[in-house]
1. Given 87, 125, 111, which one is within 24 Å of residue 57 (Cα to Cα), modelled with pLDDT of 90 or more and in a helix (DSSP H, G or I)?
2. Listed residues 153, 112; which is buried (at least 17 other Cβ atoms within 10 Å of the Cβ) and among the hydroxyl-bearing types (Ser, Thr, Tyr)?
3. Give the residue that is nearest to the chain's Cα centre (by Cα), with candidates limited to residues of the range 179-193 that are assigned to a strand (DSSP E or B), surrounded by fewer than 20 Cβ atoms within 10 Å (Cβ to Cβ) and not acidic (Asp, Glu).
4. Quick one: in the range 306-326, which of the residues that are of a type in the set (A, V, I, L, M, F, W, C) and under 17 Å from residue 291 (Cα atoms) is surrounded by the fewest Cβ atoms within 10 Å (Cβ to Cβ)?
5. Would you confirm whether any residue within the range 226-242 is surrounded by 16 or more Cβ atoms within 10 Å (Cβ to Cβ), within 24 Å of residue 197 (Cβ to Cβ) and of a type in the set (Phe, Trp, Tyr)?
6. Output the residue which, of all residues in the range 219-247 that are among the hydrophobic types (A, V, I, L, M, F, W, C) and under 19 Å from the mean Cα position of the chain (by Cα), is nearest to residue 204 (Cα to Cα).
7. Surrounded by 14 or more Cβ atoms within 10 Å (Cβ to Cβ), assigned to a strand (DSSP E or B), of a type in the set (Val, Ile, Thr) and in contact (Cβ under 8 Å) with a residue 40 or more places away in the chain: does that describe residue 270?
8. What number of residues in the range 240-267 are part of a strand (DSSP E or B) and touching a residue at least 60 places away in the same chain (Cβ under 8 Å)?
Amino acid sequence: MSVSVEPEMNVSTPVKVFHDGPLSEQQEAFADLLNNNLNTTFLPNHVVVGEIVSVEKDHLIVDIGAKCEGVVPLKEVGRVTEQELALMYKPGQVKEFYILRDFDENEPYVLSLRRVESWKAWEQLKMLQDKQEILEVVVNSVTRGGVLVNVMSLKGFIPASQLRIAKTLEDLIGEQIPAKLLEVDRTKNKLILSHREAVFEYQAEQRATTISNLHEGMEVKGQVVKITHFGAFVDIDGIDGLLPLSEISWRRLRHPSDELSLGQEVTVEVLTIDHAQERISLSMKRLSDDPWKTVNERFNQGDQVQGTISKFLNSGFLAELEPGVEAFCSYNQVARDDLTLGETRTFSIVSIAGRDRRITLETV
């Protein structure tokens with residue numbers, strides 16, 4: 001949903017402005033605004049309405065109805081040259097100006113034209129945040145911990161934790177995505193948004209329908225939308241189910257990305273459902289047979305087997321004999337310094353206890 005709402009502007013209204021000769025309709029409208037309030041205060045970081053009274057070589061002189069006129073330096077006009085300044089601006093033009101610096105006895109008000117749109121954007125975004133509106137933003141670039149997005153004329157930040165995507169951050173560049181405003185602070189130039197909350201709001205009705213049709217033990221299909229160190233989140237028709245690292249495979253995995261990738265379609269089993277919180281936990285490995293249940297059919301005491309060193313312990317190490325089946329070998333059999341993680345060696349099986357999920361090895 002694209003939002004385009006004009007804010008209720010907090011414009012400091014100057015006092016009386018006089019014009020020589022007839023006024024156009026636009027000038028009359030501005031004149032009414034200028035004459036509207038006789039108790040105006042002129043503070044930095046506010047917008048006022050004023051009339052250009054003089055166009056100089058590198059600045060504008062503006063009447064804002066205060067004790068002193070204001071000055072707009074060339075750099076605060078916008079991307080214009082000294083030659084363009086006289087062509088674009090004329091005495092009598094009435095515009096909105098942003099107050100950069102307050103008046104003192106020795107200096108006039110310093111004003112800006114180019115910062116008015118930015119000020120309006122902050123005001124509008126604050127109003128949209130209060131109304132809990134969803135915006136459409138464009139991803140500009142990837143930065144540490146998330147992405148930068150274009151929001152009106154401003155730059156906003158969406159943390160990676162607030163993204164709900166089935167692709168890498170780099171693949172998002174140039175895309176338009178929905179987002180909700182989490183923090184809008186003009187004084188700190190801080191604009192933080194959430195894509196995740198916007199998507200969840202869009203899918204609220206769909207989630208309620210989905211969770212009502214799920215039950216524990218059910219086999220469902222989904223898409224991997226987020227990968228973390230502790231597991232992956234799988235979109236099941238609008239609900240993000242947690243697939244813990246330990247439930248991805250019978251094999252020992254160092255990270256979910258060893259087995260999964262963003263956007264991957266997977267089949268999972270529903271383990272638990274929290275209807276109140278709309279949370280579900282999932283498993284991939286339970287849809288395949290536990291290799292330990294039939295380990296005695298494939299291995300016997302005294303067999304010589306190939307094993308890949310998968311983990312070092314204090315008293316020994318583990319070697320993977322097949323996916324999901326690891327066996328223990330003591331350092332009494334071989335020095336720790338002679339071993340390398342991922343190395344494949346030949347071992348002899350000393351004992352097997354399938355029910356206890358334990359096999360003991362010795363080196364050959």
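1. Matching residue, one of 87, 125, 111: 87.
2. The unique qualifying residue is 112.
3. Within the range 179-193, the match that is nearest to the chain's Cα centre (by Cα) is 192.
4. From the range 306-326, those of a type in the set (A, V, I, L, M, F, W, C) are 309, 312-313, 317-319, 321, 325; that's our starting set.
Subsequent filtering for residues that are under 17 Å from residue 291 (Cα atoms) retains 318-319, 321, 325.
Details: 318: 19, 319: 25, 321: 23, 325: 21.
Only one residue fits best here, namely 318.
5. yes
6. My answer is 239.
7. yes
8. Within the range 240-267, residues that are part of a strand (DSSP E or B) and touching a residue at least 60 places away in the same chain (Cβ under 8 Å) number 1.
The values are calculated or read from the model by the stated rules, or taken from the named source; none is laboratory data. Just so you know, these numbers come straight off a predicted model, no measurement behind them. Using ideal geometry, Cβ is built from the backbone for each residue, glycine included, and neighbour counts are taken over all protein chains shown.
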